[in-house]
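Below is one structure, written out as structure tokens; the observations come after it.
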Amino acid sequence: MTKEKKKAKKEPTFEERLARLEEIVEQLESGEVGLDASLKLYAEGAELIKVCRKDLAAAEQRIQKLTESAEGNLETEPMEMEEEEEA
């Protein structure tokens, strides 16, 4: 693959990375994957977690920059995460 084609290749979104991570977890939890494949999946999952955490940290910084007080001073406020209800 040439450098131009690599650059043109679309980076996966946060949501796509998260979906892939969920697929990996399901495969590993199934117990139907061999040791070598499990190690490869684990490594891929670890890398996805690293990138997702980086994306979340960047998003949090953007939110903090956008949060302003009434006087126009920037204030940081902790983000409240919504917890998914158990089905």
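The values are calculated or read from the model by the stated rules, or taken from the named source; none is laboratory data. Keep in mind the model is a prediction, meaning the values are calculated, not measured. Cβ atoms come from the backbone with ideal geometry, glycine included; neighbour counts cover every protein chain shown.
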What single numbered condition from (1) at pLDDT below 90; (2) surrounded by fewer than 13 Cβ atoms within 10 Å (Cβ to Cβ) fails to hold for Arg53?
(1)
Contacts under 7 angstrom Cβ, first residue in the range 23-38 being in contact (Cβ under 8 Å) with a residue 60 or more places away in the chain and part of a loop (DSSP other than H, G, I, E, B), partner of a type outside the set (Asp, Glu) and surrounded by 10 or more Cβ atoms within 10 Å (Cβ to Cβ), 6 or more apart
none
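Working carefully through the options Glu4, Glu26, find the one that is surrounded by fewer than 10 Cβ atoms within 10 Å (Cβ to Cβ) and either modelled with pLDDT of 95 or more or aromatic (Phe, Trp, Tyr) (or both).
Criteria check complete, one pass: Glu26.
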Sole miss for Gly72 among (1) of a type outside the set (Lys, Arg); (2) on the phi > 0 side of the Ramachandran plot; (3) at pLDDT 90 or above is condition (3)
